[in-house]
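Shown next, in structure tokens, is the structure this report addresses.
The values are calculated or read from the model by the stated rules, or taken from the named source; none is laboratory data. In this text the structure is predicted, and so the values were computed from the model without any measurement. A quick note on method: Cβ atoms are made from the backbone with ideal geometry, for glycine too, and the neighbour counts reach across all protein chains shown.
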Amino acid sequence: NRGLRTVPKPAARFSGGARIFSLGGNFITNISASDFTWYSHLIRLNLQYNQVENIHPKAFEGLSNLEELYLGHNLLSSIAAGTFQPLPRLTVFYGNN
């Protein structure tokens, strides 16, 4: 827990090469269409235990390598149809609240 309220942009020296991104246990409430633009190499994304209420339908575009997505324990009541369509390699999804 780093007290984050938004998805941070990567430092210049890391410029998007991250493969695992753990943002669990913060205070993130919204996932925008551009939050993961810099993280195209991700294979695992953990957003559990935040306060996410909204995920933009295009939030995961460009994450075609993503295999694991953890969204459990947030405040989501619905997710737009097609939100996960850009994730052809997704094999693990945890969305329990």
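Here are a few things to note about the model shown:
- Note on region 38-60: among residues that are closer than 15 Å to LEU87 by Cβ and among the β-branched types (Val, Ile, Thr), the one that is surrounded by the fewest Cβ atoms within 10 Å (Cβ to Cβ) is ILE43.
- Against the conditions (1) without any contact (Cβ under 8 Å) to a residue 24 or more places away in the chain; (2) surrounded by 15 or more Cβ atoms within 10 Å (Cβ to Cβ); (3) not hydroxyl-bearing (Ser, Thr, Tyr), ILE31 satisfies every one except (1).
- Taken together, the residues in region 64-85 that are at pLDDT below 95 and in contact with a Ser or Thr (Cβ under 8 Å, 6 or more places away or on another chain) amount to 0.
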